[in-house]
Amino acid sequence: MNQDLNKKPLNKKEYFIVSSMLFALFFGAGNLIFPLHLGQMAGSHWFVAMLGFLVTAVALPLLSVLAISVTKSEGVYDIGKPLGHIFALTFMILIHATIGPLFGTPRTATVPFTVGVQPLLPTSWARPGLLIFSALFFIFAFFIAYQESNILNSLGKILNPIFLLLLFSIFLLAFAHPLGAASTQPAVHAYHQAAFFNGFLQGYNTMDALAGLAFGVTVVTAVRQLGKTKPSSNARVTAQAGFLATAAIGILYIGLIWLGATTLAHFKLSADGGVAFNQIVSFYMGGIGHALLATLMTLTCLTTAVGLVAAFAQDFHKHFPQLSYHVWLALMCSVSFITANFGLDTIIEWSTPILMFLYPFAMVLILLSVCSPLFDHDPVVYGLVVGFTTIPALLDMISSFPAVISQSGLGKTLTAFQHSVLPFSAIGMDWVVPALIGTVLGLSYHFLQPVISRVSPSQR
């Protein structure tokens, strides 16, 4: 549509509605624990690491939403469509599986359990406790999504602000009575020389760029419902609302990363941010604060889980209608329950290599989509850029797997090849140069091919 149904500028309330929706879509369990853990690992280098983290955890998710808007996509499938049906479908399945039942959705159960419930249980009850907690968690998620009820969404409008208010209360206490000086805390070895790039890679763990591709259409549709149906107007409103939402998330990240760095004055480097968050809450607010925050975190994570399982079931039913929405929903909740019981540490350990593989594709597809009007959405450009990105992405995945794979004979051979041939492989950025080569070749073909084709055979 070339004209807006609503030609008046949106008011502050309408911008707030869209921004709040985007904030709710992005801010989940991982957005809390990974910045804290990054701060602990970066120590005195927390600020530089934070800058890298903000690129992939804030700027890239905003660009992913803009990519959906600019290309007028109906979801992640359409982002990959210039490369053909098979690639688009495969990319969609991988994205949904990653932010869904394999890693993202199980995390919504394991984080509140690790932070709120596990510290109250005897050590021997950790696994049975997770089994019972995750079973109840996904049963509730299933029935709420099955009924397609708005009750939990309504509760989310109340719970999320209360949760954020309590989080800001912790920030205020931490600023007033810091655990220690972040600038003097020790950093792990990797952050001494490459804090920015390690922070950049840690931003993958939030999965927000992938979520932005999967759920960006929700925001774009909401903007259309407000009358901004012209593509340029829609993109502008989406960008402005997205900037407000991601700026708010970015402020939370800065506070969390700083807070994580200060904990080293009192606590040892934790295995994950869930443990660190539990330590911080208990230190500042005691048992009552811990119980309240654990309860709110469980409920807010439940709202996120309902959105994830429902979106997964809807998208898969659309592309694979042989199974009903409710069957896909049951499968999603069942697999998420099974995955959750491997535990938070295992989920993080095995999700990292998958993210190292998917994120380069997501980044180049997001940038290509945003810039696609400049080269008329030419599939040749898409093909060359993605094609040149494939090998480095595969090698990054293999080298990031747990030792059983990465330290095998084949794993060591491939990693040695990777480090000897591809620039920046030591910092996980070896896909950048190949992607740039593919971009140059693709754009050269796009802009020179019409000129060459106009030359007559005799002139050649």
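General observations
- Verdict on S73 being of a type in the set (S, T, N, Q), in the same structural domain as A310 (by TED's automatic domain parsing) and touching a Pro at 6+ places or on another chain (Cβ under 9 Å): no
- Look at the stretch 279-294: where a residue is assigned by TED's automatic domain parsing to the domain that holds P178 and a partner is outside any helix (DSSP H, G or I) and modelled with pLDDT of 80 or more, sitting 6+ places away or on another chain with Cβ atoms under 6 Å, you get Q279/F267.
- Checking H377 against (1) at negative phi; (2) assigned by TED's automatic domain parsing to the domain that holds I437, the condition it does not meet: (1)
- Counted residues, the stretch 83-124 - those being of a type in the set (A, V, I, L, M) and surrounded by fewer than 22 Cβ atoms within 10 Å (Cβ to Cβ): 11
- Of the residues making up the stretch 219-274, those that are part of a helix (DSSP H, G or I), among the β-branched types (V, I, T) and out of contact with any helix residue (DSSP H, G or I) (no Cβ under 8 Å at 6 or more places or on another chain) are T221, I251.
- Selection from the stretch 258-288 of residues that are of a type outside the set (S, T, Y) and surrounded by fewer than 18 Cβ atoms within 10 Å (Cβ to Cβ): A265, H266, F267, K268, L269, A271, M285, G286, G287, I288
- Note on the stretch 427-446: residues that are surrounded by fewer than 18 Cβ atoms within 10 Å (Cβ to Cβ) and in contact (Cβ under 8 Å) with a residue 40 or more places away in the chain total 5.
- Helices (runs of 4 or more DSSP H) (entirely within the stretch 290-401) containing at least 2 residues that are crowded, with 20+ Cβ neighbours inside 10 Å and touching a Gly at 6+ places or on another chain (Cβ under 6 Å): 379-400
- Sole residue being touching a Leu at 6+ places or on another chain (Cβ under 6 Å), aliphatic (A, V, I, L, M) and either modelled with pLDDT under 90 or within 21 Å of L365 (Cα to Cα) (or both), chosen from L448, L436, L441: L441
- Residue check for V380: more than 24 Å from G52 (Cβ to Cβ) and touching a Phe, Trp or Tyr at 6+ places or on another chain (Cβ under 9 Å): yes
- Candidates L66, L32, L36, L83: the one that is within 19 Å of A247 (Cβ to Cβ), in contact with a helix residue (DSSP H, G or I) (Cβ under 6 Å, 6 or more places away or on another chain) and aliphatic (A, V, I, L, M) is L66.
- Residue in the stretch 69-82 that is farther than 25 Å from T218 by Cβ and surrounded by fewer than 16 Cβ atoms within 10 Å (Cβ to Cβ) present: no
- Hey, V188 crowded, with 24+ Cβ neighbours inside 10 Å, more than 28 Å from T105 (Cα to Cα) and more than 12 Å from the chain's Cα centre (by Cα) or not: no
- Taken together, Q3, Q40 contain a single residue that is in the same structural domain as V219 (by TED's automatic domain parsing) and polar (S, T, N, Q), which is Q40.
The values are calculated or read from the model by the stated rules, or taken from the named source; none is laboratory data. Bear in mind that the values here come from a model prediction, so they are computed numbers and not experimental data. Backbone-built Cβ (ideal geometry, glycine too); neighbour counts: all protein chains shown.
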